[in-house]
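Colleague: Below are the structure tokens for one structure; questions will follow.
Derivation of every value follows stated rules applied to the coordinates shown; laboratory data play no part. Owing to the predicted nature of the structure, the values given are computational and were not obtained by experimental measurement. We place every Cβ from the backbone using ideal geometry, glycine too, and count neighbours over all the protein chains shown.
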Amino acid sequence: MRRENMHLTLAFIGAVSPAQLDDLLNLASELRAEPFDLTLDQLGWWPRNGIVWAGSRAVPPCQRRFFDELSRDLIARGFTVDARAYFPHITLLRNGRCKGLAELGKPIGWRVDAITLVESSLQAAGSNYKVLARWPLLEAASGDEACMQ
């Protein structure tokens, strides 16, 4: 995976129509959350799709609410959301074949400070990602409820 393609997926949407894209752009522009740090503390491999990943064993409750709220908003707008529990991870390698993985020697801090809507396309040379829009996450003002607003 090329460095510029590494990202933390909040929700995988799949193919969308132009009208759905407009809806996604509107939804993302309405989201409010504070930046947060995620600790990537394990390596794994999903044999079904050959994905080698770095993931987080735990998501703080504040960030869990953010992911849950996003899923509810997507469902309310007619998008299909994976029913499995959210597992924050970063794809490191596609089409990997592993007999076993070493332990991650030292946890990696990943700062989440923006939401980005990305279009992905699979090609022979690998995945290509095109950023369609980006929204910064903002610190709560003094006295505001922290996390998700």
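Colleague: Rounded to the nearest 20 Debye, what is the dipole magnitude of the chain about its Cα centre when Lys and Arg each give +1 and Asp and Glu each give -1 at the C-beta?
Modeller: 860 debye
Colleague: Give me ASP82, ASP41 ranked fewest to most by other Cβ atoms within 10 Å of their Cβ, as a rough exposure proxy.
Modeller: So the ranking, lowest neighbour count to highest, is ASP82, ASP41.
Colleague: Neighbouring Cβ atoms within 10 Å as the yardstick, rank ARG65, ARG111 fewest first.
Modeller: ARG111, ARG65
Colleague: Right, here's the next one. Counting helices only, and only those DSSP H runs with n ≥ 4, report the 222 nm mean residue ellipticity of the chain as the sum of -39,500 (n - 2.57) divided by its residues, in deg cm²/dmol to the nearest 500.
Modeller: Per the formula, -6500 deg cm²/dmol.
Colleague: Testing the spin-label approximation: label points 7 Å from Cα along Cα→Cβ at ASP23 and ASP41. State their distance in nm.
Modeller: Each label point is offset 7 Å from its Cα along the Cβ direction, giving 3.8 nm.
Colleague: Taking +1 at the Cβ of each Lys and Arg and -1 at the Cβ of each Asp and Glu, which of GLN20, LEU92, PRO107 sits farthest along the dipole of the chain towards its positive end, judged by Cα position relative to the Cα centre?
Modeller: Farthest towards the positive end: LEU92.
Colleague: Residues of segment 91-125 with backbone nitrogen within less than 16 Å of a virtual label 7 Å along the Cα-to-Cβ line of ARG57, please, listed as ranges.
Modeller: Once the point is set 7 Å along Cα→Cβ of ARG57, 102-109 turn out to lie under 16 Å by backbone N, inside segment 91-125.
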